[in-house]
Ligand SMILES: Cc1ncc(COP(=O)(O)O)c(C=O)c1O
């Protein structure tokens, strides 16, 4: 795999920030369970995104699960969820024995379509929670979505797994709703190898999330449990990596933006190429540079041509309502997300890519238009 170009792979800081915090954990023997790195990572991330409180967890999926639990989602409850997302957004709805209803995207944002959301509320007036996703680092249209959700008095959970560093009208994604979640898995804009964070202005709920995440241990000398618990806490070593990575988030956003602009400049003029949408209110982190192909060249042609040269690329997420496991659940919308899936491709957006790497990708892709 030596010279493979990845879609988005871990990129530790040149300054060695991560090792400094990890070393501190080792030197004090606080590698587990919790410790200073966990406490500080929570504080630093909460401050950075502008939220009152945060809980460091083992994954973004765990954070969505506990956000749903904090929202009171339980057996038989309906939860609205974007159809165009990774399955990790929807799986925790099933963990809680609740029922997902999938909502279509719009072309303007690629994210949850406010019109389809309105329609879904007409069909299902009793909804327990709405999950909004900010896909590929593009923010959903939060003013419109929050207005609809407020009207229906429903809890909003923002899956900002892919959008750390993305702002909507100057406010960080993940801080509009009642709960926001972030992921630090290996392909995210910053990584802890694996991990997640839940943020909220409701400090009591965040404390409850930490309690559930440590097996719901009651305050007693012996092991006493009055509630179902989970082993979802982040370790102190992992949190050390996160603290170091947080210091280079701005650098990573800058490089992702550079990659996006490079591709757009070089490929944007090709027949049938449309890059991911830009809106004046959106300040994306450009996690994955993605485009839609409406001409003769298909996403599969690009993916195969790049793979031959040991370069990774991917289709856009396959909609949840088209997944064998989820297709039995209802869907509200038209065919926007399906079209995005059919026509979309994510280009390699690894922050370690050199200009030479970017030029190679561009040459291979352009070559398909010369055939
Ligand atoms: C949109 C989205 N939601 C949720 C997740 C889950 O995060 P994690 O892998 O940390 O569980 C991911 C990433 O994997 C994601 O891309």
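The values are calculated or read from the model by the stated rules, or taken from the named source; none is laboratory data. Everything numeric here is computed off the predicted structure, so don't read it as measured data. Don't worry about glycine lacking a Cβ; one is built from the backbone with ideal geometry, like all the others, and counts go over all protein chains shown.
The figures follow:
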quantity: Condition check for residue 46: touching a helix residue (DSSP H, G or I) at 6+ places or on another chain (Cβ under 7 Å) and under 29 Å from residue 286 (Cβ atoms); calculated: no
quantity: Leading residue by the ranking (surrounded by the fewest Cβ atoms within 10 Å (Cβ to Cβ)) among those in the range 310-326 that are out of contact with any helix residue (DSSP H, G or I) (no Cβ under 6 Å at 6 or more places or on another chain) and outside any strand (DSSP E or B); calculated: 324
quantity: Any chance residue 200 is assigned by TED's automatic domain parsing to the domain that holds residue 66, touching a helix residue (DSSP H, G or I) at 6+ places or on another chain (Cβ under 6 Å) and crowded, with 23+ Cβ neighbours inside 10 Å; calculated: yes
quantity: Only one of 56, 62, 46 that is modelled with pLDDT of 95 or more, under 24 Å from the mean Cα position of the chain (by Cα) and under 26 Å from residue 127 (Cα atoms); calculated: 62
quantity: Test set (1) within 16 Å of the ligand (Cβ to nearest atom); (2) touching a strand residue (DSSP E or B) at 6+ places or on another chain (Cβ under 9 Å) - residue 87 fails condition number; calculated: (2)
quantity: Residue identified as within 16 Å of the ligand (Cβ to nearest atom) and over 19 Å from residue 316 (Cα atoms) among 116, 129; calculated: 129
quantity: Complete set of residues in the range 167-186 that are surrounded by fewer than 18 Cβ atoms within 10 Å (Cβ to Cβ) and either modelled with pLDDT under 95 or near the ligand (Cβ under 9 Å from one of its atoms) (or both); calculated: 185, 186
quantity: Test: residue in the range 26-46 that is touching a residue at least 12 places away in the same chain (Cβ under 8 Å), touching a strand residue (DSSP E or B) at 6+ places or on another chain (Cβ under 7 Å), surrounded by fewer than 18 Cβ atoms within 10 Å (Cβ to Cβ) and assigned to a loop (DSSP other than H, G, I, E, B); calculated: yes
quantity: Residue list for the range 328-371, filter: in a loop (DSSP other than H, G, I, E, B), under 30 Å from residue 122 (Cβ atoms) and in contact with a helix residue (DSSP H, G or I) (Cβ under 6 Å, 6 or more places away or on another chain); calculated: 333
quantity: Checklist (1) touching a strand residue (DSSP E or B) at 6+ places or on another chain (Cβ under 7 Å); (2) away from the ligand (no atom under 14 Å from the Cβ); (3) outside any strand (DSSP E or B) applied to residue 7, failing item; calculated: (2)
quantity: Failed criterion for residue 223 (all others in (1) within 21 Å of residue 243 (Cα to Cα); (2) without any contact (Cβ under 8 Å) to a residue 12 or more places away in the chain hold); calculated: (1)
quantity: The range 192-241: number of residues that are assigned to a loop (DSSP other than H, G, I, E, B), within 16 Å of the ligand (Cβ to nearest atom) and over 13 Å from residue 56 (Cα atoms); calculated: 1
